[in-house]
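Asker: Can you keep this structure in mind? I'll have questions shortly.
What follows is calculated from the coordinates using simple rules that are stated; it is not laboratory data. All values reported here derive from a predicted model rather than from experimental measurement. Using ideal geometry, Cβ is built from the backbone for each residue, glycine included, and neighbour counts are taken over all protein chains shown.
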């Protein structure tokens with residue numbers, strides 16, 4: 001989901017438009033799979049003093065309304081992206097930690113049909129593929 005107008009995106013989910021929220025949304029849109037610390041650095045470069053906690057709070061609020069998605073590959077800090085709602089997956093490099101999107105395995109939600117749901121109604125699947133990116137394969 002590309003973010004063309006952060007202010008309009010915020011309004012569309014009934015969030016108050018603030019310069020901090022628009023800067024956070026813009027930073028996540030510009031760098032898919034970005035860590036919160038990097039978002040905070042970009043927001044500070046744009047606006048000046050903004051606390052790391054404020055950035056985390058904004059990311060949480062944006063996640064609650066579906067404007068950003070939080071992913072947490074094992075052994076890595078949380079990362080954020082604006083591609084939401086399509087149940088895509090990720091591939092993570094074991095060497096450098098790079099993350100890339102992988103479209104749904106089957107093409108429709110929930111992407112996987114578990115052999116036994118234990119009575120659960122499955123509406124989403126989160127798959128993480130692991131391997132080595134092209135740069136790390138060369139090393």
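Asker: Quickly run through the range 8-20 and pick out the residues that are surrounded by fewer than 15 Cβ atoms within 10 Å (Cβ to Cβ) and either in contact with a strand residue (DSSP E or B) (Cβ under 7 Å, 6 or more places away or on another chain) or assigned to a helix (DSSP H, G or I) (or both).
Answerer: Of the residues in the range 8-20, the ones surrounded by fewer than 15 Cβ atoms within 10 Å (Cβ to Cβ) are 8, 11-14, 16-19.
Once the filter is applied, which keeps residues that are surrounded by fewer than 15 Cβ atoms within 10 Å (Cβ to Cβ) and either in contact with a strand residue (DSSP E or B) (Cβ under 7 Å, 6 or more places away or on another chain) or assigned to a helix (DSSP H, G or I) (or both), the range 8-20 yields 8, 11, 12, 19.
Asker: Could you check the range 30-52 and list, in sequence order, the residues that are assigned to a helix (DSSP H, G or I) and under 18 Å from the mean Cα position of the chain (by Cα)? Write out each step before concluding.
Answerer: As a first pass, look at the range 30-52 and keep what is assigned to a helix (DSSP H, G or I): 30, 36-47, 52.
Hits for the range 30-52 are 30, 36, 37, 38, 39, 40, 41, 42, 43, 52.
Asker: Turning to a different aspect of this structure: Quick check on this structure: which one of 27, 23, 74, 60 is closer than 24 Å to residue 123 by Cα and in a helix (DSSP H, G or I)?
Answerer: On the way: 27 fails: closer than 24 Å to residue 123 by Cα; 23 fails: closer than 24 Å to residue 123 by Cα; 74 fails: in a helix (DSSP H, G or I).
Only one candidate qualifies: 60.
Asker: Would you mind finding the one in 39, 43, 82, 92 that is on the phi < 0 side of the Ramachandran plot, out of contact with any helix residue (DSSP H, G or I) (no Cβ under 9 Å at 6 or more places or on another chain), surrounded by 15 or more Cβ atoms within 10 Å (Cβ to Cβ) and in contact (Cβ under 8 Å) with a residue 12 or more places away in the chain? Talk me through it step by step, then tell me what you get.
Answerer: On the way: 39 fails: out of contact with any helix residue (DSSP H, G or I) (no Cβ under 9 Å at 6 or more places or on another chain); 43 fails: out of contact with any helix residue (DSSP H, G or I) (no Cβ under 9 Å at 6 or more places or on another chain); 82 fails: out of contact with any helix residue (DSSP H, G or I) (no Cβ under 9 Å at 6 or more places or on another chain).
Being on the phi < 0 side of the Ramachandran plot, out of contact with any helix residue (DSSP H, G or I) (no Cβ under 9 Å at 6 or more places or on another chain), surrounded by 15 or more Cβ atoms within 10 Å (Cβ to Cβ) and in contact (Cβ under 8 Å) with a residue 12 or more places away in the chain holds for just one of 39, 43, 82, 92, which is 92.
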